[in-house]
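Data first, discussion second: the structure below is written as C-alpha cells.
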Amino acid sequence: MALLFFGYTSCPDICPVHLGILSAAFDDLRLDGGRPDVAFVGVDTARDTPQRLRSYLDGFDPEFVGLTATPSAIDEALGQLDMPSVVIDPEGKGTDYIVGHPSQILVFTPDNLCHITYPFGTRQQAWEEDLPRLENQIWPSDR
C-alpha cells in the first residue's frame, strides 16, 4: 500500500497537519504487512529541492519519501489523477509566496489503483481505524 500526497515544504497549514497526523498514526499502529509507503511530492519546484524535501520530511518521519519533478510533469501527473493543477500565488514577494495544491491524500493498494482519497482534516483515529482495513483491501465507505 502507498499513500501519495502533493504539497510543498513551505506550506503553512495543510502539509504539516497531514504529515503530522500520519506520523502519529504510524507511531501508534502496527500493521501485519508493514507500514504503507508515504510519498510526498514537492510541487513548489523553486524551493522544494531534494535536500529540502529530505530535511522537511525527516521532521515528521524519516521513512517518508520526497519526490519532485518539473512543473509540467507534476501537472501531468495531477491531471492523470483527475486532481487540480498547482497554482503559484502571483502576489507573492521573493521567496515568500503561497502555493495552491490539492489537499487530499491518495491511497494506492497492491493492484496499483487508487481506491480512496482522504481529505484534509482526516483525524488520526480515522487513519488508525482505516489503515488495517485498507491493508486487507476493505474500503471504508464513510470517507
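What follows draws every value from the coordinates through simple rules; no lab data is involved. Here the structure is a predicted model, which is why all the values come from computation and not from measurement. All Cβ positions, glycine included, derive from the backbone under ideal geometry; neighbour counts span all protein chains shown.
Output the lone cysteines of the chain: those with no second cysteine's C-beta under 4.7 Å from their C-beta.
For the chain, the answer is Cys114, because their Cβ atoms have no other cysteine Cβ under 4.7 Å.
Which shape class, rounded, prolate or oblate, goes with the chain when its Cα gyration tensor gives a ≥ b ≥ c as root eigenvalues, a/c under 1.5 marks rounded, and past that a/b bigger than b/c marks prolate?
Values: a/c = 1.94, a/b = 1.59, b/c = 1.21.
The shape class here is prolate.
Classify region 18-84 as rounded, prolate or oblate, taking a ≥ b ≥ c as the square roots of the eigenvalues of its Cα gyration tensor: rounded when a/c is under 1.5, otherwise prolate if a/b is larger than b/c and oblate if not.
Working: a/c = 2.70, a/b = 1.57, b/c = 1.73.
Oblate, since a/c reaches 1.5 and b/c is not below a/b.
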